[in-house]
1. If I ask for residues that are small (Gly, Ala, Ser) and buried (at least 23 other Cβ atoms within 10 Å of the Cβ), which ones from segment 287-309 would you list?
2. Is at least one residue of segment 279-288 more than 15 Å from LEU198 (Cβ to Cβ) and either of a type in the set (Ser, Thr, Tyr) or under 22 Å from the mean Cα position of the chain (by Cα) (or both)?
3. Hey, could you check segment 25-63 for residues that are in a loop (DSSP other than H, G, I, E, B) and among the hydrophobic types (A, V, I, L, M, F, W, C) and say which is modelled with the highest pLDDT?
4. What number of residues within segment 271-280 satisfy the criterion of being surrounded by fewer than 24 Cβ atoms within 10 Å (Cβ to Cβ) and not basic (Lys, Arg)?
5. Return the only residue of VAL121, VAL151 being more than 23 Å from the chain's Cα centre (by Cα), assigned by TED's automatic domain parsing to the domain that holds ILE74, at pLDDT below 90 and among the aliphatic types (A, V, I, L, M).
6. Which of (1) at pLDDT below 90; (2) surrounded by 15 or more Cβ atoms within 10 Å (Cβ to Cβ); (3) of a type outside the set (Val, Ile, Thr) does GLY284 not meet, given it meets every other one?
7. For segment 282-298, which positions are of a type outside the set (Asp, Glu) and over 19 Å from LEU211 (Cβ atoms)?
Amino acid sequence: MTRGTGRDQSPVAPRSVDVARLAGVSQKTVSRVFNDEPYVSTEVRRRVLEAAEQLGYRRNNAARALASGRTRSIGVVTLGTALYGPASLLIGVERVVRDTGYALRVVNTMEGDPAGLAGAVDSLLDQGVDGIVISEPIEEEGAEGDLSVPVNVPVLVLGAPPPFTASTVLYGAGGADLMAQAAVEHLLDLGHPTVHHLAGPQRWYAAKDRLAGWRAALAAHGRDEPPVIEGDWSAASGYAAGRELAADPEVTAVFAANDDMAIGLIRALAEAGRRVPEDVSVVGFDDIPVAAYVTPPLTTVRQQFDIAAQEGLKRLVHAIENPQAQALPASDPPVHLVVRASTQPPPPRRPPGHRRHTASRPRGGPYEPPLPNGGSSTHH
């Protein structure tokens with residue numbers, strides 16, 4: 001079948017009626033296939049899609065938007081950063097949105113901009129998006145009260161919520177406090193008297209959640225709460241914290257709010273002659289790809305960004321397409337603690353006045369780590 005041409009001899013775009021004719025079905029059936037409606041057999045769906053591919057047919061989303069009052073687009077507000085967590089969550093959202101048949105519009109915000117979130121949401125609403133995803137929001141300096149922009153489309157917040165209201169607000173990718181609590185309980189179960197915390201910047205709701213989980217675990221076990229050291233998510237800030245913690249011989253366990261800080265922390269401890277895990281156990285958060293290959297391999301909490309994005313977008317699309325229906329329930333996020341070689345029971349307590357001999361490991365000298373103790377295991 002050849003496409004027709006206009007007066008200027010340019011090809012005429014194939015129409016749904018052309019697809020229907022080639023596939024041997026009605027135009028209504030073609031519409032049902034492309035709207036992903038039920039009651040279409042697998043064989044008919046295959047014929048329609050093959051015919052559309054053969055003809056180079058693309059459905060007219062602009063016409064659909066006029067007919068339905070929707071643009072079939074979802075907007076995402078995300079912090080402009082290359083940090084592993086936000087970047088991985090955005091990739092997960094992009095994959096899921098593409099699979100739903102919606103277009104994706106992304107607006108980045110910047111730290112330190114008090115109008116960043118409001119301006120980003122306003123921009124997406126001007127583009128006529130049908131729903132909005134707010135990914136890993138942070139507390140904006142100078143921002144007061146609720147989001148000033150009236151939001152009349154469903155909103156999905158991935159992470160802890162900023163203070164704002166909308167017609168429909170859904171929450172997903174939460175549970176960081178429970179994940180942090182599991183990390184701290186792992187260290188306490190090994191016998192450590194308490195656990196120090198290297199926190200993320202407290203403008204981030206994600207960092208606040210992990211801090212809350214650390215505190216909850218210590219409180220549940222009746223343990224002392226050491227002073228918190230706040231980093232900025234970077235390995236450099238973890239290194240600076242490690243130099244401070246290494247000077248305290250009572251420190252035997254540290255929970256870091258992300259893996260990058262944990263890796264910097266381990267480097268500083270090693271340079272100070274504090275072996276990991278023989279002297280100090282360390283747990284991170286995220287399970288970045290390199291976590292399994294540092295020395296020693298890092299025990300950490302694995303975040304499943306694809307699952308969080310998939311469940312959240314499913315609930316958002318349901319809210320968009322069924323505005324009068326009850327929201328789909330959210331499920332509790334899984335907690336995956338990946339146990340590797342950076343944690344073990346604390347060293348035996350030495351009598352007062354006894355000092356460990358460290359002549360074989362001069363301060364600042366090269367670090368020769370122990371061999372990994374058997375790979376990794378995942379606790380659910």
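1. ALA291, ALA308, ALA309
2. Step one: of segment 279-288, the residues more than 15 Å from LEU198 (Cβ to Cβ) are 279, 287-288.
Those still in the list that are either of a type in the set (Ser, Thr, Tyr) or under 22 Å from the mean Cα position of the chain (by Cα) (or both) too: 287-288.
Yes: segment 279-288 contains one or more residues that are more than 15 Å from LEU198 (Cβ to Cβ) and either of a type in the set (Ser, Thr, Tyr) or under 22 Å from the mean Cα position of the chain (by Cα) (or both).
3. First, the residues of segment 25-63 that are in a loop (DSSP other than H, G, I, E, B): 25-26, 35-41, 56-60.
Keeping just the survivors that are among the hydrophobic types (A, V, I, L, M, F, W, C) gives 25, 40.
Values: VAL25: 90, VAL40: 85.
Out of the qualifying residues, it is VAL25.
4. Within segment 271-280, residues that are surrounded by fewer than 24 Cβ atoms within 10 Å (Cβ to Cβ) and not basic (Lys, Arg) number 5.
5. Just a single option satisfies the conditions, and that option is VAL151.
6. Against the list (1) at pLDDT below 90; (2) surrounded by 15 or more Cβ atoms within 10 Å (Cβ to Cβ); (3) of a type outside the set (Val, Ile, Thr), GLY284 comes up short only on (1).
7. Here is the first cut: in segment 282-298, the residues of a type outside the set (Asp, Glu) are 282-285, 288-298.
If the condition is that a residue be of a type outside the set (Asp, Glu) and over 19 Å from LEU211 (Cβ atoms), then ILE288, PRO289, VAL290, ALA291, ALA292, TYR293, VAL294, THR295, PRO296, PRO297, LEU298 are the ones that fit.
Matching residues to (1) surrounded by fewer than 23 Cβ atoms within 10 Å (Cβ to Cβ); (2) among the basic types (Lys, Arg); (3) modelled with pLDDT under 95:
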| site | (1), (2), (3) |
| --- | --- |
| LEU188 | yes, no, no |
| HIS196 | no, no, no |
| GLY200 | no, no, no |
| ALA219 | yes, no, no |
| PRO227 | yes, no, no |
| ARG243 | yes, yes, no |
| ALA247 | yes, no, no |
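The values are calculated or read from the model by the stated rules, or taken from the named source; none is laboratory data. As the structure is a computational prediction, the values presented were derived from the model and not from experiment. Cβ atoms come from the backbone with ideal geometry, glycine included; neighbour counts cover every protein chain shown.
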